[in-house]
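S.K.: Submitted below is the structure of interest, expressed as structure tokens.
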Amino acid sequence: MNFKALLNTISDKIHTLPIVILYVTEGCNLKCAMCSYRDRLSDELTIEEIEKLAGELTEIGLKRIVFSGGEPLLRTDFEQICETFAKHNVKQTLLTNGMLLKKKIEKIAPYLDELIISIDGATPETHDAIRGVNSLALIKEGIKHTKQIFPELNISFRTVIQKNNFREINDIVRLGLDLNINRVSFLPVDVFSEAFGREHKEIAVNDSSLLLNADEVNELRAVINGIDKKYFDSHFISEPYNKLMGFAEYFSSSLSGSGYPPVYCNAPMMSTVITARGDILPCFFLPKLGNLREKLLIQILNADNAKTTRKKVKAFELERCKTCVCSLNVTKRAALKSDF
């Protein structure tokens, strides 16, 4: 029983940190329409700093590390990063755009419990236009290669729903079935925060060009209603029907700027995001709490500003939370059972 995780759900203090999202680089080999990560930064965490961080995280109960970016596979020492966390018996998830899978999967797959691949269209015309590089064919090759040599590896798609791809939801499900992956997952596009590298300003905050208009919202509802129920029942689609239909309400609310679907989230109580420079964030979308190059991680997590943030998240007081597209809600029971 994980009583410390249970305490996290009912207090404003971090007693343990089961889940960490680690941005290992901001460098990326794609040019996505909804993200500004492009070039690797000169002062990203070194392998020595990541090894030290792994020790700190183990001491406070890390269960799962999620590698993100940018594109993690661009780091030439990524295998060493995986090996570092494997020494601490931590479950490892890789979020990747899939471009380098065929080249690098053989060395890193033995460390992974889960592989999540970003797919933003079922056709090259859609996916490659959103991603800014001709990439879907190469990604599919990488998935097939991975399934061939690591058939037991848990592989899923992650698709960001927006104006240019919402009509292909069913086609993305079918693509996942054709490639024999384990599941597909969807979330609506975020345009309101400075997350995903928008602090670099290449992609502007509040860029409404990716949002749906009123007619498209109605069309999205029809698309979701056209999904075969068996894919929800079998959990091949990770989100339940009601959550997917909530995406339509999110886009509808974006038109008026009010009435967003309620968000139930305790992400800052159960996890943290660590950027490539070592900034500590409560989640993807909230301002940083500190930097691990300046203080110990646990000191940052339990500083007064961090406790205040968690208190406000629980009370649903933060404006940023009201337009959130990617929440985490770990129940007391799941926390107690270490179901992360």
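S.K.: In a Debye calculation with equal point scatterers on the alpha-carbon sites of the stretch 236-340 and no solvent, what is log10 I(q)/I(0) at q = 0.16, 0.20 Å⁻¹?
M.R.: At q = 0.16, 0.20 Å⁻¹ the computed log10 ratios are -0.82, -1.11.
S.K.: Another question about this same structure. Would you tell me the accessible area of residue 235, worked out with a 1.4 angstrom probe on the heavy atoms of the protein chains, in Å² to the nearest 10?
M.R.: Approximately 130 Å² for this residue.
S.K.: Could you give the length gained on full extension between residue 171 and residue 185, defined as 0.36 nm per residue of separation minus the Cα-Cα distance, in nm?
M.R.: Here the answer is 3.7 nm.
S.K.: If you build a Gaussian network model of the chain, linking Cα atoms that sit under 10 Å apart, which residue out of 39, 12, 178 swings the most?
M.R.: Comparing 39, 12, 178 in the GNM, the peak value goes to 178.
S.K.: Between residue 46 and residue 80, what is the spin-label point distance in nm, taking each point 7 Å from the Cα along the Cα→C-beta axis?
M.R.: 1.0 nm
S.K.: About its Cα centre, what dipole magnitude does the chain give when the only charges are +1 on Lys and Arg Cβ and -1 on Asp and Glu Cβ, stated in debye to the nearest 20?
M.R.: 860 debye
S.K.: Calculated FRET efficiency, residue 327 and residue 3, Cβ-Cβ r, R0 30 Å, to nearest 0.05?
M.R.: Rounded to the nearest 0.05, the efficiency is 0.80.
S.K.: How many lysine pairs in the stretch 72-165, separated by 8 or more positions in sequence or lying on different chains, have Cα atoms less than 14 Å apart?
M.R.: Lysine pairs meeting the criterion: 8.
The values are calculated or read from the model by the stated rules, or taken from the named source; none is laboratory data. Bear in mind that the values here come from a model prediction, so they are computed numbers and not experimental data. Note that we place each Cβ from the backbone using ideal geometry, even for glycine, and neighbour counts take in every protein chain shown. With ligands, DNA and RNA removed, areas are computed over all heavy atoms of the protein, side chains included. Shrake-Rupley method; radii C 1.70, N 1.55, O 1.52, S 1.80 Å.
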